[in-house]
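Report on the following structure.
The values are calculated or read from the model by the stated rules, or taken from the named source; none is laboratory data. Values in this document were obtained by computation on a predicted structure and should not be read as measured data. Positions of Cβ are generated from backbone atoms using ideal geometry, with glycine treated the same way; all protein chains shown enter the neighbour counts. Accessible surface is based on the protein model in full, side chains and every heavy atom, while ligands, DNA and RNA are left aside. Shrake-Rupley method; radii C 1.70, N 1.55, O 1.52, S 1.80 Å.
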Amino acid sequence: MTDGSPLAVAMEEEESTAMAMEVEESPSPSIAPRDPPKIQRLEESVVNRIAAGEVIQRPVSAVKELVENSLDADSTSISVTVKDGGLKLIQVSDDGHGIRREDLPILCERHTTSKLSKYEDLFSLSSMGFRGEALASMTYVAHVTVTTITKGQIHGHRVSYRDGVMEHEPKACAAVKGTQIMVENLFYNMIARRKTLQNSADDYGKIVDLLSRMAIHHNNVSFSCRKHGAVKADVHSVVSSSRLDSIRSVYGVSVAKSLIKVEVSSGESSGCAFDMEGFVSNSNYVAKKTILVLFINDRLVECSALKRAVEIVYAATLPKASKPFVYMSINLPREHVDINIHPTKKEVSLLNQEIMIDMIQSEVELKLRNTNDTRTFQEQKVEYIQSTLKSSKSDTPVSPLPSGQKTPKVPVHKMVRTDSSDPAGRLHAFLQPKPHNLPDTVSSLSAVRSSIRQRRNPKETADLSSVQELLSGIDSCYHPGLLETVRNCTYVGMADDVFALVQYQTHLYLANVVNLSKELMYQQTLRRFAHFNAIQLSDPAPLSELILLALQEEDLDPENNEKDHLKERIAEMNTELLMEKVEMLEEYFSVFIDSDGNLSRLPVILDQYTPDMDRVPEFLLCLGNDVEWEDEKACFQGVSAAIGNFYAMHPPLLPNPSGDGVRFYTKTNEKSSQENPALGGNVEMESVLDQDLLSDAETAWAQREWSIQHVLFPSMRLFLKPPASMASNGTFVKVASLEKLYKIFERC
Ligand code: ADP
Ligand code: MG
């Protein structure tokens with residue numbers, strides 16, 4: 001469900017009233033009233049320490065403050081040294097403008113800053129700091145020593161601080177250009193904090209991560225980060241003019257070469273002015289965790305809504321979803337960012353955040369689809385060669401698989417699901433969506449496409465009266481009220497696996513997405529009749545085996561081998577029947593079966609949408625069994641209905657893993673019984689989560705939900721003529737209407 005949707009708001013309100021009522025009605029506690037405790041003023045040093053602990057939460061937060069100060073001081077080189085995860089020592093050296101001798105006495109007092117002098121300055125601020133709190137805070141929870149020199153001085157000064165004040169007068173010392181700040185024994189006076197940090201994983205990794213992020217954005221500054229005493233730096237970036245170079249030097253060649261440039265410039269008209277530029281990973285990049293490096297007005301921040309939005313695009317677009325690498329720099333008018341953000345509050349809130357995220361999401365999706373379509377074709381072709389070698393006589397040499405691709409263990413023609421809990425049969429790998437307007441680099445595909453063009457004969461086919469009759473049937477018996485609703489409704493979210501919640505004017509409906517998508521696909525099949533673009537399957541799949549599979553899936557008693565022979569016979573007959581119809585299926589429906597009986601091409605019914613390939617077997621069986629081939633009109637209707645049913649947005653075959661559904665993904669393993677021979681026949685079982693299957697399921701469900709929101713509903717608004725039957729067959733169910741709710745409230 002989208003945040004901020006009408007429903008989410010309504011539910012939140014309901015919850016808060018319920019809570020308010022609970023508070024009012026709860027009986028007063030039965031313990032005897034006691035005297036109010038005396039309020040005391042805390043000692044100032046305690047107050048400061050508490051406040052400091054909030055600003056500097058862990059070593060990495062101190063490093064961030066120090067590095068930001070160095071950036072504010074116009075440094076071009078910043079190096080960080082860390083000992084004991086930052087608890088023993090953090091040292092940041094820069095070559096910036098330094099600190100004046102006369103400022104040193106108040107440098108570490110709270111609210112001393114050189115970046116802001118009056119309130120109005122807040123609105124023209126371009127520096128990272130302005131509160132003058134960071135250095136002060138550090139002196140309350142650590143020992144801080146500053147060495148600095150300003151331009152034109154012959155020597156520098158060194159001074160140590162504790163609890164906001166200098167421990168002694170600044171001492172003259174030799175110094176190189178800039179400032180060096182040493183923070184020692186962090187949290188020495190906060191025992192509990194120190195203990196938890198010592199027990200938790202070392203902050204060094206976090207510090208390296210922070211500097212890596214900083215380094216790719218501030219590519220006019222060179223960064224280094226090393227452990228104390230180490231020769232080799234763990235982050236080492238050089239000044240570079242290109243962002244991609246800096247990403248390469250920090251995150252490595254393999255990341256840099258799998259990136260696509262993304263850019264959005266909103267313009268004034270959209271009501272939110274912002275510019276975004278960045279890089280996102282393409283389908284060659286493989287990772288388990290998302291990396292989102294986000295800078296807003298040059299400030300490193302986090303934004304979980306944006307992160308989720310981008311992850312959804314990847315889950316929905318890439319065949320085997322990898323988590324993305326994303327670098328984005330967003331610039332927007334200063335008044336659109338809440339300036340009053342707490343220095344450690346990394347999560348930002350922005351004006352018009354939703355519109356911004358939407359625009360960025362669309363851009364990422366567009367770029368990803370464009371590159372993905374050309375890339376994966378090659379990869380999957382390789383997979384095919386590899387996997388069919390065993391069964392074919394082909395002497396094509398085996399090309400090495402691209403890195404990150406697993407070698408399939410089963411021949412592809414056998415990789416079909418027979419059991420819904422077995423992921424081996426997922427058929428997504430078979431298919432290649434290929435919109436017609438993309439630059440084409442794969443020659444075999446262009447051959448396919450040009451042959452399609454040649455074969456098309458719009459004039460002749462569009463005149464087929466049977467198709468015209470079917471179309472005018474759709475146009476004449478739609479339900480005007482439902483048409484209104486479909487055209488103007490707002491998608492709220494999925495209520496369960498089948499029903500979506502939609503809002504139309506003051507009404508809330510449950511809409512059956514399976515029925516709706518089935519009808520839409522059916523209608524579109526007829527409308528695009530003989531004018532389809534093609535989805536090319538990179539691996540032609542053998543008809544007879546697919547049909548046999550469908551028959552086996554239908555069978556309630558799979559153990560019964562006697563019927564196997566019968567099933568094989570039925571599969572054979574169906575294959576023969578379809579082989580007789582190949583020309584017609586290809587010409588009118590772009591369902592292409594080659595002369596060896598392999599299915600190799602399917603029609604594009606809605607752009608940007610490919611059907612669930614797990615349903616291919618069922619589709620072929622349905623073509624064989626349910627179509628009335630002898631009568632032209634009935635035949636076209638039957639094939640369109642079969643396609644409609646195949647392309648409909650059914651719930652994925654893998655059960656929904658959210659919430660309770662996760663139990664479907666636990667498997668029981670036998671604990672090895674040899675260890676305990678005394679147990680005899682009693683084998684111990686343990687349950688473990690099947691991560692691969694679970695992630696397959698999560699991807700399938702995320703893809704479907706994305707398609708429902710971004711493909712089904714927008715297409716329905718444009719194309720669907722809802723038949724009158726939908727008003728009464730449960731496709732649309734009104735669940736609430738505001739007027740009625742008001743009446744109920746009035747009575748209360
Ligand atoms: P803020 O950055 O919010 O001003 P800080 O406590 O982080 O507050 O720093 C206080 C002041 O110390 C800064 O305003 C700046 O003038 C000075 N300062 C801190 N670090 C450096 C540095 N590395 N180089 C030059 N000046 C610095
Ligand atoms: Mg600062």
Do the conditions hold for residue 285, that is, is it buried (at least 16 other Cβ atoms within 10 Å of the Cβ), within 23 Å of the chain's Cα centre (by Cα) and farther than 26 Å from residue 358 by Cα? no
Could you list, in sequence order, the residues of segment 170-180 that are under 14 Å from residue 77 (Cα atoms) and not hydroxyl-bearing (Ser, Thr, Tyr)? 176, 177, 178, 180
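For segment 171-192: of the residues being touching a Leu at 6+ places or on another chain (Cβ under 6 Å) and modelled with pLDDT of 95 or more, which is surrounded by the most Cβ atoms within 10 Å (Cβ to Cβ)?
181
Yes/no matrix, rows are residues, columns are (1) of a type in the set (A, V, I, L, M); (2) touching a strand residue (DSSP E or B) at 6+ places or on another chain (Cβ under 7 Å):
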position: 65; (1), (2): no, no
position: 68; (1), (2): no, no
position: 71; (1), (2): yes, no
position: 74; (1), (2): no, no
position: 78; (1), (2): yes, yes
position: 83; (1), (2): no, yes
position: 92; (1), (2): yes, yes
position: 102; (1), (2): no, no
Considering only segment 259-282, how many residues are at pLDDT 85 or above and of a type outside the set (Val, Ile, Thr)? 12
For segment 601-618, which residues satisfy the criterion of being under 21 Å from residue 544 (Cβ atoms) and open to solvent by 10 Å² or more (accessible area, probe 1.4 Å)? 601, 614, 615, 618
Assess whether residue 581 counts as being charged (D, E, K, R), modelled with pLDDT of 90 or more and open to solvent by 10 Å² or more (accessible area, probe 1.4 Å). yes
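Residue-by-condition table, conditions (1) open to solvent by 90 Å² or more (accessible area, probe 1.4 Å); (2) in a loop (DSSP other than H, G, I, E, B); (3) modelled with pLDDT of 95 or more; (4) more than 16 Å from ligand 2 (Cβ to nearest atom):
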| residue | (1), (2), (3), (4) |
| --- | --- |
| 35 | yes, yes, no, yes |
| 45 | no, no, no, yes |
| 49 | no, no, no, yes |
| 63 | no, no, yes, no |
| 79 | no, no, yes, yes |
| 85 | no, no, no, yes |
Quick count over segment 511-546, residues being open to solvent by 30 Å² or more (accessible area, probe 1.4 Å) and in contact with an Asp or Glu (Cβ under 9 Å, 6 or more places away or on another chain), is 3
Residue within segment 241-264 that is under 26 Å from residue 204 (Cβ atoms), hydrophobic (A, V, I, L, M, F, W, C), open to solvent by 30 Å² or more (accessible area, probe 1.4 Å) and in a helix (DSSP H, G or I) present: yes
